[in-house]
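Novice: The structure's right below; bear with me while I get my questions together.
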Amino acid sequence: MSLELITALYFIVLFAILFMGLPVSFGLGGTAVLFALIIEPRALLSVPSAFYSTPWSSILVTVPLFLFMGSLIRFSGIAEAAYDAVYKLIGHIPGGLAMGTVQVCTVFAAITGITPPATTTMGQIAYPSMMRYNYDRRIAIGCIAAGGALGALIPPSVPFIFYGLLAKVSIGDLFMAGLMPGLMLALFYTIYIGVRCQFQPELGPALPSDEKFTAGEKLSAVLSIWPFALLIVIVLGVIWGGIATPAEAAAFGAAGAFVINFIYGKLTKAVLVESLVSTVKLSGMGLWILIGATVYLNVFNTLGSQDLLTNLVLSMPGGSTGILLMMMLIILILGMVMDDWAIILLCTPLFIPIIDELGIDKLWFGALFIVNIQIAYLTPPFGFVLFWIKGVLPKDVSMGDVYNSVGPFVVLQFVGLTLIFIFPEIATWLPNALK
Amino acid sequence: MLMRGLDALTRAISEFAGWIGWFLILYCMAFGVSDVFMRYLLNNPSQWIGTTLQAAMVLLACVGGIYSLQHDSFVKLDLFYANATTRKKAILDVLTAPIAILFLVTLIWKGYEAGQLSLMLNQWTPTSVPIPIYPIKFAIPLAGFFVLLIVIKKLLVDLQTIFGGEPDEA
Amino acid sequence: ADGPPDEVTEWVFQPAFDQTDAGWDNGLIPWVEAVEEATQGTVKIRVEPAGALVSGAEAFAAAAAGQTDGYAGWGSVYGGDMPEGMLAFGMAMGANNTEEAWEVMWGNPDYRVGDIVQEAAHARNLHWAGWTNQGPNAMFTKFRVEKMEDLEGHKMRAGGPQAIFHSTMGGAPVSMNGGEIYTAIKLGTIEGTYWDTGGIDDMSFQEVIDYAIMPGWNPAQHQEIFINLQSWNALTDWQREQIDGIFEETYFQTSQMHADGVEEALQILRDAGGEVITLSDEEVARMREKSIAEVWPQVAAASKGNAKGVEIYKKYLEDKAAGN
Ligand code: NA
Ligand code: NA
């Protein structure tokens, strides 16, 4: 059997199994095991190895810690207070709550280097609130998913660190290169929601006209978010002040939420238990998908399929533009089945020598790469943000509902990607100006 | 009888696993913060906290997987699946279960081998305060075994749904 | 049994590092090419980067278990799997250069520390087949260091044996992943790091540090290549002889390549406005004395083989001081 056929089957079997409703982690791991058994049995050892080494990561410690923080915040009532402030300030604008969600996600993105924290926190807080005000489900889920994905683009960013080390690009420069594209996308999402809801107010109804708030009410609503602001200052402060690593900052965030709940008298046993339960559940679910994705990647490499990618890229006509487009396409397609770090690990070493050869700016390419990864987070069937969001939404929300919600936001991501492609300065101006 | 026993067993195991998970999360929070205090206030950075946090993550994957699956929190691509009847869902589950079992049996089998190898190599972390790795490695096949029990229990429930003649409901 | 067999053996190697590491182009790949040439194409080796088949930290065990046919890495990485790797990696303030390291490890029948490492490798189902000196594993700091007291109280990223050295010198070692070091130095979470000199530009450290302190804590940091024992035994005698035959030659050849890489990296640092400080002979001697007294015993305590190896190392230094 040819390598092309084996690789194609490797993808097809996975999709078939996943669509039959097997949990994603089992589907990834089981498909990998099946192919390893038939073609290269010694690769089976990568199953326990991936189970051990994937969670053995200091950056992944941020996942349970931010989940825990998010869950505690949810019970403290301060997240509702923050949301209430957004509501009172811009609730009179159609789609205001969804726009506010994007803003809060943007702030979250500046604290975390990965996507789950904002996604899961806002999924738990913003979604029920938007449902209460009769928002369209698609707008509600879509803005959380798109906002959550910003976590990896706006610094700090774990994907940028992975890429920077493999591509030998300054991580500090990459962080700065991600800032403008991240803010640009956040702006796009906000404008889109605002414009769309202006024309179709039923998607994001403005608050009823009898609900009017005085300036004083608005001010006090804003002031009531001080613990939320404090939490952000603590977490951002310890990272950007050089006091702690991102993993330690997540511990500070969780501990901060712990203390805030205590101050608010909300640190009851029930709250603590409920927060811990949901953190264990979601971490377990997420880590098993990550482990499955690692096994899937390891077997993919054992099959020798990565050579196919290099050949595909080099066979592309149209000079450096053609090659770049092919690379973007490959990242997108892999994004359907693989986790972000797996794609970076697989593609960066294959692509960077070609990028070097063509004399393309690796900083710019890095920004394109990570924006692309952002799209991969949101594109069905396999998008990590989609899984996390599905994990926290009520049981009556199906994966199909989630898929249906992301379309317009994915289109906006493509617009952003195209703009950065045509105007590299969007990414490269800030890091170069700071040098 | 078998069904009831299996049900009680997996329930007890997953509750215990969940409880360990709570402890691990609180550990990561408390020691992540103390690490910073030791570094800044005492100028005496710990050489072991970081490593134990990573070890805690592996154990969290072990116990979190058990707890999460028991509570039906494993995410599925239920695009078509969501609209299927209970009976059709059960049929789909029975058809795909071998793939899950294949993965878990490999995790147990190869995980046990990896644990033995780790013991043979007497693996410790290559850190200045070394921590033994083999106990963590042996926790992996053990977790795989408990997850397999839950998968088998769910499989038995599905078989009951298919062959037990229960009314077909949406 | 002389001459190449008809059959071509295909191997898959996965080292503990990826293409970004100096050990890829200057250590492993030249060795792979030498093996393929020496065996007249009857052994072909595909090299996968760390993470492709297993993680870097698991790569040694994967080769021992036969998931891969071979491994390359440092004793400071797999030291937890095989303490004797520390001897092959190089001791704190141990050998000064390639020639000294070769002499104590293989070159002089009076010492032959290499035999201890080979025995330990065989006990773990591996065969030690390649070696290279990557040059100094040094200190890269934001503060001046001219004597060991200058390290006192300074927070530096140091892992495993580096941490033992750093705390012995009075410093405060901080453990963190390679990927976090750059940002941590830039922000001031730590004041520097220990690293292999040829690799500092790979990590863009020249952007965030001011000083390179030569020869660091280990003037000759080594990397090793191991082959799975079953894969090794499946070769013909002729093939094994050919591969053993290139051990010394590739050692000196790749060590020279690394030495050139070290010069390049230091020049990149100077061009970025950094300063290279070379410790005086007296200061190195002081540090060596303290290392032998306080760091080496910790290596010796890890296994019987290490205890023996450390003794031989000491004897070698004594003999050298006596002018033999
Ligand atoms: Na971020
Ligand atoms: Na995707």
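Coordinate-derived values only; no laboratory data. Since we're looking at a predicted model, the values are computed, not measured. Glycine also receives a Cβ, built like all others from the backbone with ideal geometry; neighbour counts cover every protein chain displayed.
Novice: With a 10 Å radius around each residue's Cβ, average the other Cβ atoms per peptide and rank C:28-39, B:40-51, highest first.
Specialist: C:28-39, B:40-51
Novice: In degrees between 0 and 90, to the nearest 10, how far off the longest principal axis of chain A does helix A:362-378 point, with axes built from Cα atoms?
Specialist: Once rounded, the angle reads 70 degrees.
Novice: Starting from the coordinates of the alpha-carbon atoms of chain C, obtain the Kirkwood hydrodynamic radius over all distinct pairs and give the value in Å to one decimal.
Specialist: For chain C, inverting the mean 1/r across all distinct Cα pairs yields 20.0 Å.
Novice: If the reach is capped at under 18 angstrom between alpha carbons, list the lysines near C:Lys304, excluding any in the same chain fewer than eight residues apart.
Specialist: Leaving aside lysines fewer than 8 places away in the same chain, those within reach of C:Lys304 are C:Lys314, C:Lys315.
Novice: Treating only the Cβ atoms of Lys and Arg (+1) and Asp and Glu (-1) as charged, compute the dipole magnitude of the protein assembly as shown about its Cα centre; round to the nearest 20 debye.
Specialist: Values: 48 positive and 83 negative charges, 841 e Å.
Dipole size: approximately 4040 debye.
Novice: Let me ask something else. Treating the angle as unsigned and between 0 and 90°, give the value, to the nearest 10°, between the Cα long axis of helix A:399-422 and the longest Cα principal axis of chain A.
Specialist: Roughly 70 degrees, rounded to the nearest 10.
Novice: According to a simple spin-label model (label point 7 Å from Cα along Cα-to-Cβ), what is the distance in nm between C:Phe143 and A:Glu202?
Specialist: Here the answer is 6.9 nm between the modelled labels.
Novice: Let me know the mean shielding of A:158-166 by other chains, meaning the per-residue number of their Cβ atoms within 10 Å of its Cβ.
Specialist: 3
Novice: When DSSP beta bridges are limited to those with both residues in the protein assembly as shown, what percentage is antiparallel, rounded to the nearest 5?
Specialist: Here the share of antiparallel DSSP bridges comes out near 60 percent.
Novice: Could you tell me the calculated FRET efficiency between B:Phe23 and B:Asp72, based on Cβ-Cβ distance and R0 = 22 angstrom, to the nearest 0.05?
Specialist: For R0 = 22 Å, the calculated efficiency reads 0.40.
Novice: Nearest 10 degrees is fine. How inclined is helix A:78-90 to the longest principal axis of chain A, computing both from alpha carbons?
Specialist: Taking Cα atoms only, the helix is inclined about 80 degrees.
Novice: If you don't mind, there's one more thing I want to ask. Could you give the nm distance between label points at B:Ala84 and A:Asp356, where each point is 7 Å from its Cα heading toward the beta carbon?
Specialist: Placing both labels 7 Å along Cα→Cβ, they lie 4.9 nm apart.
Novice: Can you tell me the relative contact order of chain A? Whole percent, Cα pairs under 8 Å, sequence separation 6 or more. Numbers along the way, then the final one.
Specialist: Working: 623 pairs, mean separation 113.1, N = 435.
It rounds to 26 percent for chain A.
Novice: Here's another thing I want to ask about it. Looking at chain A from every direction and averaging, what is the projected area of its Cα convex hull in nm²?
Specialist: 21.8 nm²
Novice: Given N residues in the protein assembly as shown, what is Rg(Cα) / (2.2 N^0.38 Å)?
Specialist: My calculation over the Cα atoms of the protein assembly as shown gives 0.95.
Novice: Ok, one more. Would you work out which of C:Asn133, C:Gly305, C:Thr168 lies farthest towards the positive end of the dipole of chain C, given +1 charges on the beta-carbon of Lys and Arg and -1 on that of Asp and Glu, about the Cα centre?
Specialist: C:Thr168
Novice: Based on the mean of other Cβ atoms within 10 Å per residue, sort peptides A:61-68, C:224-231 so the most packed one is first.
Specialist: Ranking, from highest mean packing down: A:61-68, C:224-231.
Novice: Within 10 Å of each Cβ in peptide B:50-57, how many partner chain Cβ atoms are there on average? Round it to a whole number, please. Mind dumping the intermediate values first?
Specialist: Working: counts 10, 3, 0, 9, 9, 3, 4, 12.
Across B:50-57, the average partner-chain Cβ count within 10 Å equals 6.
Novice: On to the next question. Any lysines with Cα under 17 Å of the B:Lys89 Cα? List them, leaving off those in the same chain fewer than 8 positions away.
Specialist: Filter leaves A:Lys395, B:Lys76, B:Lys153, B:Lys154.
Novice: Set Lys and Arg Cβ to +1 and Asp and Glu Cβ to -1, take the dipole of region A:3-434 about its Cα centre, and tell me which of A:Pro155, A:Ile171, A:Phe365 lies farthest positive.
Specialist: Looking along the dipole axis, the top candidate is A:Pro155.
Novice: Would you work out which of A:Val13, C:Ala61, A:Gly286 lies farthest towards the positive end of the dipole of the protein assembly as shown? Charges go on Cβ: Lys and Arg +1, Asp and Glu -1.
Specialist: A:Gly286
Novice: Under a plain spin-label model, where a point goes 7 Å from the Cα along Cα-to-Cβ, how far apart in nm are A:Leu312 and B:Met38?
Specialist: Distance between label points: 4.6 nm.
Novice: What dipole magnitude, in Debye to the nearest 20, does region C:129-201 give about its Cα centre under +1 on Lys/Arg Cβ and -1 on Asp/Glu Cβ?
Specialist: 120 debye
Novice: Under a point-charge model restricted to the Cβ atoms of Lys and Arg (+1) and Asp and Glu (-1), what is the dipole moment magnitude of chain C relative to its Cα centre, in debye to the nearest 20?
Specialist: My answer is approximately 1160 debye.
Novice: Within a 10 angstrom radius of each residue's Cβ in A:399-411, how many Cβ atoms of other chains show up on average? Whole number is fine.
Specialist: Mean partner-chain Cβ count within 10 Å for A:399-411: 2.
Novice: Say R0 is 41 Å: what FRET efficiency, to the nearest 0.05, do A:Glu425 and A:Asn404 get from their beta-carbon distance?
Specialist: 0.70
Novice: Would you work out the relative contact order for chain C, in percent, from Cα pairs under 8 angstrom that are 6 or more residues apart?
Specialist: It comes to 25 percent, rounded to a whole number.
Novice: At a Förster radius of 56 Å, what calculated FRET efficiency corresponds to the Cβ-Cβ distance of C:Arg112 and A:Ala215, to the nearest 0.05?
Specialist: 0.05
Novice: Moving on to the next point. Want the number for A:Lys266 to A:Gln103: 0.36 nm per residue separation, take away the alpha-carbon distance, what's left?
Specialist: That pair, A:Lys266 and A:Gln103, stretches by 56.1 nm at full extension.
Novice: Same structure, new question: Using only the Cα atoms of region B:7-109, each taken as one equal point scatterer with no solvent, compute I(q) by the Debye sum, divide by I(0), and report log10 of the ratio at q = 0.13 Å⁻¹.
Specialist: Cα-only, vacuum Debye calculation for region B:7-109: -0.68.
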